[in-house]
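The values are calculated or read from the model by the stated rules, or taken from the named source; none is laboratory data. Treat the numbers as computed from the prediction; the structure is a model and nothing was measured. Note that we place each Cβ from the backbone using ideal geometry, even for glycine, and neighbour counts take in every protein chain shown. Heavy atoms of the whole protein, side chains included, go into the accessibility calculation; ligands, DNA and RNA do not. Shrake-Rupley method; radii C 1.70, N 1.55, O 1.52, S 1.80 Å.
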Amino acid sequence: MTLDLTLPPTTATAPAAPAAAAAPGTLGTAELADLVRSIAARPDRWRPLVRFQESGRWWTRLDAPAGVDVWLLTWLPAQGTELHDHGRSSAAFTVAAGTLTELRPGDDGAPVPQGFAAGRTQTVEPGDLHDVVNAGTEPAVSIHAYSPPLTRMTYWGAGPDGVLVPTRTVDTDEPETDA
């Protein structure tokens, strides 16, 4: 199987979601980053829960403070997401084991890959678009946090003119849905 790390060509990036005042009890990306790093640093909390499945990424919810969802995700080689945003939720993820590659549209719309080895953390502001894939040869584990808890995701693709456009929006309380 050949892994395609490219996003559709674009001529513009997607518009950012309008900024909104944080609801009481929600965490910003810096606090979410601290949270996922602290959980990843405690493998006794997550390692016994790790499962892998050939049919797609596997995930389970972890204990979290009020106003936050925390998820343990596992990735076999070539498993990944689609280009998406997290609605009004801020997010952060830490790679707990293995490596992951995140792709974001650059200023010119071309995908910009960034590799994340175990111990690396990435934040995702509301409205940011990204795609995550295990482009490596070994399984990977990551811990993700969303605040406020994830309720809606929009998936994006290139329109006929090459500009990124929403392809579908789903209401969800999981880290990604299947089409």
Original post:
How many residues does the stretch 139-176 contain that are over 23 Å from ALA78 (Cα atoms), open to solvent by less than 10 Å² (accessible area, probe 1.4 Å) and outside any strand (DSSP E or B)?
Top reply: 1
Original post:
Going by the structure shown, is ALA78 of a type outside the set (Asp, Glu), farther than 30 Å from PRO166 by Cα and not in a helix (DSSP H, G or I)?
Top reply: no
Original post:
Considering only residues of the stretch 124-138 that are in a loop (DSSP other than H, G, I, E, B) and of a type in the set (Asp, Glu), which is most open to solvent (accessible area, probe 1.4 Å)?
Top reply: GLU138
Subject >> Boolean, THR60 is touching a Pro at 6+ places or on another chain (Cβ under 9 Å) and over 22 Å from ALA30 (Cα atoms) >> reply: no
**OP:** Exactly one condition in (1) open to solvent by 70 Å² or more (accessible area, probe 1.4 Å); (2) within 20 Å of LEU129 (Cβ to Cβ); (3) at pLDDT 95 or above is not met by ARG42; state its number.
**Re:** (2)
**OP:** Residues being open to solvent by 20 Å² or more (accessible area, probe 1.4 Å), under 24 Å from THR169 (Cβ atoms) and part of a strand (DSSP E or B): count how many of those fall in the stretch 87-111.
**Re:** 3
Subject >> Test result for LEU35, closer than 20 Å to LEU100 by Cα and exposed (fewer than 15 other Cβ atoms within 10 Å of the Cβ) >> reply: no
**OP:** With the checklist (1) touching a His at 6+ places or on another chain (Cβ under 9 Å); (2) of a type in the set (Gly, Ala, Ser); (3) without any contact (Cβ under 8 Å) to a residue 24 or more places away in the chain in hand, flag the one item GLY159 doesn't pass.
**Re:** (1)
Subject >> Residue count, the stretch 119-145 (criterion: within 13 Å of the chain's Cα centre (by Cα) and over 16 Å from ALA40 (Cα atoms)) >> reply: 11
